[in-house]
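Okay, structure first, notes after.
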Amino acid sequence: MKKIKKVLVANRGEIALRVMRTAKEMGIKTVAIFSEADRNALHVRFADEAVCVGGPKSSESYLRGDVIIDVCKQLQVDAIHPGYGFLSENAGFARKAQEAGIIFIGPSPEAIELMGSKLAAKAAVARYNIPMVPGTEEAITDVEAAKQIASQVGFPILIKASAGGGGKGMRVVENVGMFEEQMKMAVSEATSAFGDGAVFIEKYIGSPRHIEIQVLGDTHGNIVHLFERECSIQRRHQKVIEEAPSAVLTPALREEMGRCAVNVAKACDYVGAGTVEFLVDENLNFYFLEMNTRLQVEHPVTEQITGLDLVKEQIQIAEGHPLGFKQEDLQINGHALELRVYAEDPANNFLPDIGRLETYTRPQGQGVRVDDGFEQGMDIPIYYDPMIAKLVTFGKDREEAIAKMLRAIDEYQITGIETTLPFGAYVLQHEAFRSGNFDTKFIERYFSPSVLEQKPGIEEEEIAVALAALLLENKKPDTAETSNVPTSTSNWRRNRT
Ligand code: MV4
């Protein structure tokens, strides 16, 4: 048991602030690190102490593990919280911190390493009877042998990089004729991207849901799960909306997936907060995909439905305290949604839209939480992730959480940059989202920039109807398939400059 008196947060933006808030509540002093681009950032102002660790690029600052550990030594820091991204899943960094006598708030370097290799992870959990997608258990090297396996598994198959994850280094192969070429490309991609060319085969699940389970493990061998998060609304592996609980899990399935997630954590002696990812197919079969050994971006939805503070749990675990509850003490209360607000232009292929936040007014009120790291007048730096805020709503049920989210989106005032807020409103109003009947193909299936075009006002509408009637005499409109799609009646567009 070691009391943490001072923590360094090796991160920036909303997550650095979010971690420091909890640290402060726990009476722990906070140290921020920052790059030259973040000199005026809110996490720097919030911290008790702040140290510039280098240039604007992540590789010159937030990724410099040795420099960060030196800062810890100089300022007598007891523990490092890595947040997400950057060094959070870097086993080498966790090990160096440990060797320097600094607590890494997270799992052991061994657990990070094991789960970082998708093949090693699958091998480790295999003895716990966890359902996995049919495929190879080892890296494939021989093309002919691999073709054989692929044919047995049945096309389409997916080639994945063992060192990948989060969708990086995946290739769908439709038939045996395309196998050799795709495999060679996958190996060369994996080699250049990860320095590890190991690839493996899985049956391709066409339209899966992505459901993940939050787990917590302490240093005394206790592991619990904190239910699921539904994360299927993604665009090119970038999550857009997450929710808890999922609209499709039955209590029995939730329990079963929860038990599997706990076993995955047991398989690597997991300590801290972690997330076990599953694919769920249309028949509600579920398959273990991978484990993320960090606090995730979307952790707030779990906090809302469980009433726990996950950062507080992480810190108490790191201090050596046993978990203060058992599985049977935990239950789901209400429903939470998270919308990631990105500085991207949905009308322009989601191109990053950097610039100054001319107006920035957060929504407020009951059931609304905004985790962000910016203020009005600040510039969004180009060097980092384009996510500017996480808008979280909480209600007694899913309908209430959705209603609050739509209200909050409407209330959120951002000018100076384009954001994904209107895109979020579109998704939330869509019949497929409302009904809960959606999967990871939602955006591909239902989104095109034209769906965000402003609904005309009454007068304009009358004119439009008259014009449409005229046009119809000549040709059918080409918007037929989107005509039944709900359109926002929000006034957010009128307010924008
Ligand atoms: C899959 C899959 C279909 N079949 N594996 C993408 C992220 C990475 N964690 C695993 N991913 C997938 N693995 C098999 N065997 C489809 C995906 C996938 C996906 C998964 C979760 C959320 C969004 C996704 C979008 C495209 C593909």
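Residues are listed down the side, and each one gets a yes or a no for (1) over 21 Å from Gln304 (Cβ atoms); (2) outside any loop (DSSP other than H, G, I, E, B); (3) assigned by TED's automatic domain parsing to the domain that holds Val297:
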{"site": "Gln366", "(1), (2), (3)": "no, no, yes"}
{"site": "Arg369", "(1), (2), (3)": "no, yes, yes"}
{"site": "Ile382", "(1), (2), (3)": "yes, no, yes"}
{"site": "Leu391", "(1), (2), (3)": "no, yes, yes"}
{"site": "Ala403", "(1), (2), (3)": "no, yes, yes"}
{"site": "Arg407", "(1), (2), (3)": "no, yes, yes"}
{"site": "Ile414", "(1), (2), (3)": "yes, yes, yes"}
{"site": "Gly424", "(1), (2), (3)": "no, yes, yes"}
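Inside the range 327-352, residues that are in a loop (DSSP other than H, G, I, E, B) and either without any contact (Cβ under 8 Å) to a residue 60 or more places away in the chain or not hydrophobic (A, V, I, L, M, F, W, C) (or both) make up a count of 4. Out of Glu277, Glu338, one residue alone is within 16 Å of the ligand (Cβ to nearest atom), under 30 Å from Thr415 (Cβ atoms), under 15 Å from the mean Cα position of the chain (by Cα) and outside the structural domain of Ala161 (by TED's automatic domain parsing). It is Glu338.
Scanning the range 210-233 for any residue that is within 16 Å of the ligand (Cβ to nearest atom) and modelled with pLDDT under 95 turns up nothing.
Among the residues making up the range 156-176, those that are surrounded by 16 or more Cβ atoms within 10 Å (Cβ to Cβ), in contact (Cβ under 8 Å) with a residue 40 or more places away in the chain and either over 16 Å from Glu137 (Cα atoms) or within 11 Å of the ligand (Cβ to nearest atom) (or both) are Ile157, Leu158, Ile159, Lys160, Ala161, Gly164, Gly165. Within the range 106-132, being within 14 Å of the ligand (Cβ to nearest atom) and under 16 Å from Ala261 (Cβ atoms) holds for Met115, Ala121, Lys122, Pro131, Met132. In the set Arg45, Arg39, only one residue is closer than 25 Å to Ile354 by Cβ, surrounded by fewer than 20 Cβ atoms within 10 Å (Cβ to Cβ) and free of Cβ contacts under 8 Å to residues at least 12 places away in the same chain; that residue is Arg45. For the range 198-209, the set of residues classified as within 11 Å of the ligand (Cβ to nearest atom) and in contact with a strand residue (DSSP E or B) (Cβ under 9 Å, 6 or more places away or on another chain) consists of Phe200, Ile201, Glu202, Lys203, Tyr204, Ile205, Pro208, Arg209, listed by residue number. Among the residues of the range 443-455, not a single one is over 18 Å from Phe350 (Cα atoms), crowded, with 20+ Cβ neighbours inside 10 Å and among the basic types (Lys, Arg). Exactly one residue among Gly274, Gly320, Gly324 is touching a helix residue (DSSP H, G or I) at 6+ places or on another chain (Cβ under 8 Å) and in a loop (DSSP other than H, G, I, E, B), and that residue is Gly324. Within the range 122-139, the set of residues being of a type in the set (S, T, N, Q) and either assigned by TED's automatic domain parsing to the domain that holds Val153 or surrounded by 20 or more Cβ atoms within 10 Å (Cβ to Cβ) (or both) comprises just one member, Thr136. Applying the selection to the range 182-223, what residues are open to solvent by less than 20 Å² (accessible area, probe 1.4 Å) and among the aromatic types (Phe, Trp, Tyr)? Within the range 182-223, Phe200 is the sole residue that qualifies. For Ala261, are the conditions met, namely being modelled with pLDDT of 95 or more, part of a helix (DSSP H, G or I), within 16 Å of the ligand (Cβ to nearest atom) and buried (at least 21 other Cβ atoms within 10 Å of the Cβ)? Answer is yes for this residue.
Could you tell me whether Phe179 is more than 11 Å from the ligand (Cβ to nearest atom), surrounded by 18 or more Cβ atoms within 10 Å (Cβ to Cβ) and among the aromatic types (Phe, Trp, Tyr)? Yes: the conditions hold for Phe179. Cβ-Cβ contacts under 6 Å between residues 6 or more apart (or on different chains), taken from a first residue in the range 11-28 that is among the acidic types (Asp, Glu) and surrounded by fewer than 23 Cβ atoms within 10 Å (Cβ to Cβ) to a second residue that is modelled with pLDDT of 95 or more and assigned to a helix (DSSP H, G or I), are absent. From the list His225, His220, His237, the lone residue that is in the same structural domain as Lys326 (by TED's automatic domain parsing) and touching a helix residue (DSSP H, G or I) at 6+ places or on another chain (Cβ under 6 Å) is His225.
Could you list, in sequence order, all residues of the range 368-413 that are hydrophobic (A, V, I, L, M, F, W, C), more than 24 Å from Arg21 (Cα to Cα) and free of Cβ contacts under 8 Å to residues at least 60 places away in the same chain? Within the range 368-413, Ile382, Ala403 meet the criteria. The set of residues in the range 63-98 being of a type in the set (A, V, I, L, M) and in contact (Cβ under 8 Å) with a residue 40 or more places away in the chain consists of Ile68, Val71, Leu75, Val77, Ala79, Ile80, Leu87.
How about the range 353-364: which of its residues are basic (Lys, Arg) and in a strand (DSSP E or B)? Selection gives Arg356 alone.
The values are calculated or read from the model by the stated rules, or taken from the named source; none is laboratory data. Note that this is a predicted model, so its numbers are computed, not measured. As a convention, Cβ positions derive from the backbone with ideal geometry for all residues, glycine included, and neighbour counts pool all protein chains shown. Just so you know, the surface numbers come from the protein's heavy atoms only, side chains and all, with ligands and any DNA or RNA stripped out. Shrake-Rupley method; radii C 1.70, N 1.55, O 1.52, S 1.80 Å.
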